[in-house]
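One structure is given here, and the rest of the page talks about it.
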2 protein chains.
Amino acid sequence: QPPGSPGAPALTPAPGPGHKTPLSGRGWREAAPTLQADWLVGVLLLGDHPGAIWAELAEYEKLSDQVKITEEVLRADGFGENPFYHCLVAEILPEPGEPQGPFVVGYGLYYYIYSTWKGRNVYLEDIYVMPEYRGQGIGTKIIKKVAEVALDKGCSQFRLAVLNWNKKAMDLYKALGAQDLTEAEGWHSFRFEGEAMRELAGR
Amino acid sequence: QPPGSPGAPALTPAPGPGHKTPLSGRGWREAAPTLQADWLVGVLLLGDHPGAIWAELAEYEKLSDQVKITEEVLRADGFGENPFYHCLVAEILPEPGEPQGPFVVGYGLYYYIYSTWKGRNVYLEDIYVMPEYRGQGIGTKIIKKVAEVALDKGCSQFRLAVLNWNKKAMDLYKALGAQDLTEAEGWHSFRFEGEAMRELAGR
């Protein structure tokens with residue numbers, strides 16, 4: 001019985017830095033509105049949480065100051081009746097005989113976007129693997145899973161954004177067949193926010 | 001009684017190239033699942049439609065070959081119970097005494113995205129004004145309306161993408177207070193599609 005299903009055992013926190021666990025048995029599942037919600041909200045918000053994935057991600061991207069969200073909002077937005085986002089988690093499953101339950105070391109968070117040329121598509125907003133578990137193909141497995149989800153939903157493509165100094169990620173996505181649209185077609189991402197947006201709206 | 005509401009008069013096709021209509025009376029409204037749907041689908045799909053806005057946009061962006069969508073899909077996706085996108089249209093209203101009904105010369109098409117740092121946000125997928133009606137502030141009015149919608153929905157920002165050779169648009173967005181995230185933070189947009197995506201999914 002997988003975690004995330006009713007009555008399933010709670011996810012074990014991931015071992016701390018330096019810990020290496022064989023990934024032979026790792027598995028995948030959609031975040032379900034029970035234990036997975038607790039886990040996701042935990043890693044997305046709590047910097048001192050054993051998972052702490054989200055805090056690591058914000059720090060890694062050097063944009064921690066841009067964080068403005070609460071547990072209630074994340075919970076309501078991702079696990080209500082019409083969730084604004086969906087989540088895939090990379091789990092380390094216990095070796096035979098190991099007492100611990102499975103624990104999560106990475107995730108992919110996505111939602112649906114729309115192209116008036118191609119229709120409904122998937123956007124991979126976050127993809128992250130804890131440092132101790134990198135270099136073992138977990139990120140690639142998350143990407144592949146997102147491609148499966150997109151095809152299952154009738155989407156012809158999925159997109160994501162990456163920072164140009166994150167060469168490792170860019171190289172991985174290109175190696176997996178992604179096209180850099182900023183490079184190839186010249187797309188730039190623009191954002192209106194805060195004071196600028198209120199001024200635009202005349203408020 | 002505005003077009004788009006039940007029993008409203010059909011939208012008049014926009015006059016052809018070269019035509020100039022005073023914009024004194026132009027108005028705005030959300031696309032409603034009736035006449036506006038017919039109009040939107042028309043302009044999004046029919047290159048020889050008097051509106052022909054969508055075809056112009058694809059051509060303008062020099063990416064016409066990327067078009068793959070049908071009327072049925074656009075209709076179901078945008079005007080069903082849980083629409084994948086929303087639309088604002090810029091209308092020229094008739095002068096007092098003019099026999100014609102209002103006609104549409106521009107639109108903004110948006111949907112909701114999600115940031116694990118900021119929560120729900122708006123993404124402006126398309127913004128377009130017919131050539132004969134440019135330089136009169138219609139694009140700016142669409143942007144301002146999108147800002148209003150975003151704030152009304154509790155969003156802290158809205159985003160859009162622009163091609164780097166489209167200097168006029170970039171300058172306008174910057175003048176209105178937008179930040180070029182590709183320039184400022186180094187974000188690149190990546191896309192997986194077609195064969196690459198099927199290979200990823202192992203299909």
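The values are calculated or read from the model by the stated rules, or taken from the named source; none is laboratory data. Computed from a predicted model, the values in this text were never measured in an experiment. Positions of Cβ are backbone-derived with ideal geometry, glycine not excepted, and every protein chain shown enters the neighbour counts. The area values use the complete protein model at the heavy-atom level, side chains included, leaving out ligands, DNA and RNA. Shrake-Rupley method; radii C 1.70, N 1.55, O 1.52, S 1.80 Å.
Quick notes
- Among A:Trp117, A:Trp165, the order of accessible area from largest down is A:Trp165, A:Trp117, computed with a 1.4 Å probe on protein heavy atoms.
- The residues of segment B:71-197 present an accessible area of 38 Å² per residue when probed at 1.4 Å with all protein chains retained.
- For A:Gly194, inter-copy label distances in nm, listed shortest first [label point 7 Å out on the Cα-Cβ vector]: 4.1
- The A-B contact accounts for approximately 7100 Å² of buried accessible area, totalled over both chains at a 1.4 Å probe radius.
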